[in-house]
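Below is one structure, written out as structure tokens; the observations come after it.
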Amino acid sequence: MRIDKFLWAVRFYKTRNVSADAIKKGHVRINGVIAKPSKEVFGGDQLDVRKNQITYRILVLDTPKSRVGAKLVPQYIKDQTPKEVFENQELLKLAKDYYRKKGTGRPTKKDRRDLDDFLEEET
């Protein structure tokens, strides 16, 4: 089965076109080699898929005949992504929450004074 069709069939991407675009951009590797959308996938292949700033490591167990339901996906793939990757993603998300929320506008006078006080204490 083609890699673009496989990633769509196991619900890794919403559409086959999105899957093919990700592969063309070099976000998918088969056994460590950058893949093309027409590359065939077989049971036992190791896939590295970069999606949402996370590199997922997937072991292909079998290839489905067509798109499968969400409950049947574990029959065809095994996720071997290290837990540290998800923990790093959570830490990054928490670090971003510290800053102002998007769309809240410019800093207020109080924010500016607090920043000035903080910078004066360091020097």
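The values are calculated or read from the model by the stated rules, or taken from the named source; none is laboratory data. Just so it is clear, the model here is predicted, and its values are computed rather than measured. As a convention, Cβ positions derive from the backbone with ideal geometry for all residues, glycine included, and neighbour counts pool all protein chains shown.
Quick check: is even one residue across the stretch 87-101 surrounded by 10 or more Cβ atoms within 10 Å (Cβ to Cβ), within 25 Å of Asp4 (Cβ to Cβ) and not basic (Lys, Arg)?
No, every residue in the stretch 87-101 fails to be surrounded by 10 or more Cβ atoms within 10 Å (Cβ to Cβ), within 25 Å of Asp4 (Cβ to Cβ) and not basic (Lys, Arg).
What are the residues in the stretch 1-20 that are β-branched (Val, Ile, Thr) and in contact (Cβ under 8 Å) with a residue 12 or more places away in the chain, if any? Reasoning before the result, please.
Here is the first cut: in the stretch 1-20, the ones β-branched (Val, Ile, Thr) are 3, 10, 15, 18.
Passing the criteria: Ile3, Val10.
Just name the residue that is surrounded by the fewest Cβ atoms within 10 Å (Cβ to Cβ) out of those in the stretch 21-55 that are among the aliphatic types (A, V, I, L, M) and in contact with a Phe, Trp or Tyr (Cβ under 9 Å, 6 or more places away or on another chain).
Ile54
If a residue has to be of a type in the set (Asp, Glu) and in contact (Cβ under 8 Å) with a residue 24 or more places away in the chain to count, how many in the stretch 21-50 make the cut? Give the steps one after another, and end with the answer.
Pass one, the stretch 21-50, residues of a type in the set (Asp, Glu): 21, 40, 45, 48.
Checking the rest, the ones that are also in contact (Cβ under 8 Å) with a residue 24 or more places away in the chain come to 40.
Going through the stretch 21-50 one residue at a time, the tally reaches 1.
Looking only at the stretch 102-123, which residues are surrounded by 10 or more Cβ atoms within 10 Å (Cβ to Cβ), of a type outside the set (D, E, K, R) and modelled with pLDDT of 85 or more?
Leu115
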